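Everything below concerns the one structure shown next.
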Amino acid sequence: VQLQASGGGLVQPGGSLRLSCAASGSIESISAMGWYRQAPGEQRELVVIITSGGSTKYADSVKGRFTISRDNAKNTVYLQANSLKPEDTAVYYCNALITAGSIRMYWGQGTQVTVSS
């Protein structure tokens with residue numbers, strides 16, 4: 001099982017990015033999927049998670065600006081990030097709770113988001 005994240009880049013303050021994360025392999029089911037981020041010198045923090053039923057939990061710092069969605073048929077989760085701020089600069093990691101024989105958490109490789117003028 002692998003998670004492949006994409007969509008990061010350099011964007012000006014106030015701009016938008018869309019991140020994607022696709023799970024592949026011998027997957028039986030995917031429960032929660034989510035995004036975390038880690039800025040230089042900081043601990044990794046939760047950005048948002050979404051359950052298989054569509055329930056979501058956002059960090060207060062991104063509420064109203066970021067939107068998570070998932071395509072269960074494609075085993076893919078998306079993060080639409082709008083009104084980006086310099087403090088959103090970080091490496092963004094996707095993760096998913098996946099059943100593939102046994103259930104465990106998987107992490108993607110991370111994608112850099114830089115918000116700067």
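The values are calculated or read from the model by the stated rules, or taken from the named source; none is laboratory data. All values reported here derive from a predicted model rather than from experimental measurement. Positions of Cβ are backbone-derived with ideal geometry, glycine not excepted, and every protein chain shown enters the neighbour counts. Keep in mind that these areas ignore ligands, DNA and RNA; they rest on the heavy atoms of the full protein, side chains included. Shrake-Rupley method; radii C 1.70, N 1.55, O 1.52, S 1.80 Å.
Run the numbers for ALA39 and ARG18: contour at 0.36 nm per residue of separation, minus the present Cα-Cα distance, in nm.
In short, 5.7 nm is gained.
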## Note on the structure
Partner lysines whose C-alpha sits under 26 Å from that of LYS85, ignoring same-chain residues fewer than 8 away, are LYS57, LYS63
### Query
Label SER61 and ASN82 with points 7 Å out from Cα along Cα→Cβ: what is the distance between them in nm?
2.1
### Query
Residue by residue through the range 66-78, which ³J(HN,Hα) values in whole Hz follow from phi under the Karplus form 6.51 cos²θ - 1.76 cosθ + 1.60 (θ = phi - 60°), with glycine and proline marked x?
10, 9, 9, 8, 9, 10, 5, 5, 9, 6, 10, 10, 10
### Within the chain: Cβ-based charge dipole about Cα centre, in debye rounded to nearest 20 (Lys, Arg +1; Asp, Glu -1)
140
### Task
Just the number, please: carbon plus sulfur as a percent of the accessible area of the chain, 1.4 Å probe, no ligands or DNA/RNA counted.
46
### Query
Roughly how many nanometres apart are two label points built 7 Å out from the Cα toward the Cβ at THR114 and LEU10?
0.5
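In the range 1-56, which GluC sites (Glu not before Pro) are in a loop and have at most 11 other Cβ atoms within 10 Å, using DSSP for the loop call?
Qualifying residues, ordered by number: GLU28, GLU42.
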